[in-house]
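In what follows, a structure is listed as structure tokens, so that the remarks can point back to it.
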Amino acid sequence: MLKRFFLSERNIMVAILINAVIIFVMYFPSWKHHVWLESADHLLVMFFLIEAIVKLRTLGTKAYFSSSWNRFDFIIVMGSLPTLFVFLFPVLPDTSLLIVLRMFRLIRLIRFIQFVPHLNQVMEGLTRALQASVFVVLALVFLNFLLAIFTCHFYADMAPEFFGNPMVSAYSIFQLFTLEGWNEIVAIVTSRTDNDWMIGFTRLYFVIVIMLGGIFGLSLANAVFVDEMTMDNNQDLEEKIDGLHEEIAELRRLIEKSVSSDK
């Protein structure tokens, strides 16, 4: 009965969620050293330790460690044990950071993804999309780098909070690419000069920046990504069309053969 309890995937998932909620609450200053929360946290450490021991005894060492999920769980459990020693021996150094390690057990919830229909096709499409998008992303990074330097050269003195150095400028250019606050940035820059020619040049310059990165660049990256993700559907349609062509060709041959035999 006890073995079945600790081997139940549902019970383990419930324990993981409860542990995550307790850890979340414990990071509020007013609840950080709450006795009941700390006790529950340590009990859950023991629960996961017993779970690992039960699985080791049931599956055997070789079978247990052959699973990447079990190896992951074992590392997390071992990393969490020092918190128990701190609880028993308060003079030891603080290991509160190790509590965060148990949050990684939430990654086990990824197991539920296996119930997603056509998961293999989704993962294959995602892999293709990421690979196809690499060159587009690199091109956008280079464009961001180039425009950051140009903009820093022109507007470092006029708007140092946005373009004071290449790193700050690169971040501001990225904001413009995402169309986040583009109007406010341009308005602030143009408000710091009375030269009509400079105001016109500034507006034109930032329009070009937004068009290159925010509209064409990101739209291209999105188009490539979506196209690769939907390639499986296109392949299915192409296979169906090819099969239809073959059936039509076969039907035509049968009709021609029937006509020639009647003659």
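Fully extended, how many nm does the chain gain between GLU256 and ASN195 (0.36 nm per residue separation, minus their Cα-Cα distance)? Walk me through the numbers before you get to the answer.
On the way: separation 61, 0.36 × 61 = 21.96 nm, distance 8.17 nm.
Full-extension gain reported as 13.8 nm.
May I ask for the net charge around GLN175, where only other residues with Cβ less than 14 Å from the Cβ of GLN175 are counted and Lys, Arg are +1 while Asp, Glu are -1?
Spelling it out: positives minus negatives among the neighbours equals -3.
From the P(r) of segment 1-62, can you give the percent of Cα pairs sitting at distances over 17 Å?
Considering segment 1-62, 46 percent of its Cα-Cα pairs are separated by more than 17 Å.
Alpha carbon centre of segment 1-71 versus segment 185-230: separation in Å?
50 Å
Applying 1/(1 + (r/R0)^6) with R0 = 25 Å to the Cβ-Cβ distance of HIS153 and VAL226, what FRET efficiency is obtained, to the nearest 0.05?
Computed FRET efficiency for HIS153 and VAL226 comes out at 0.10.
Ranked highest first by average number of other Cβ atoms within 10 Å, how do 51-62, 23-34, 202-213 line up?
The densest-packed peptide leads the list: 202-213, 51-62, 23-34.
Once phi is turned into ³J(HN,Hα) by the Karplus curve 6.51 cos²θ - 1.76 cosθ + 1.60 with θ = phi - 60°, what whole-Hz value does each residue of segment 13-24 show in order, with x for glycine and proline?
With the stated coefficients, segment 13-24 comes to 5, 5, 5, 4, 5, 4, 4, 5, 5, 4, 4, 4 Hz.
For a quick check of your reading of the filter: which GluC sites (Glu not before Pro) in segment 134-220 sit in a DSSP loop and have no more than 14 other Cβ atoms within 10 Å?
Qualifying residues, ordered by number: GLU180.
With no solvent and one point per C-alpha, what does the Debye sum give as log10 I(q)/I(0) for segment 119-229 at q = 0.10, 0.15, 0.24 Å⁻¹?
Per q value, in the given order, log10 I(q)/I(0) is -0.35, -0.66, -1.25.
Quick one: order MET167, MET158, MET46 by neighbouring beta-carbon count within 10 Å, fewest to most.
MET167, MET46, MET158
No lab work stands behind these numbers, since they all come straight from the coordinates. Note that the structure is a prediction, hence the values are computed from the model and not measured. Reconstructed Cβ throughout: ideal geometry from the backbone, glycine too, with neighbour counts over all protein chains shown.
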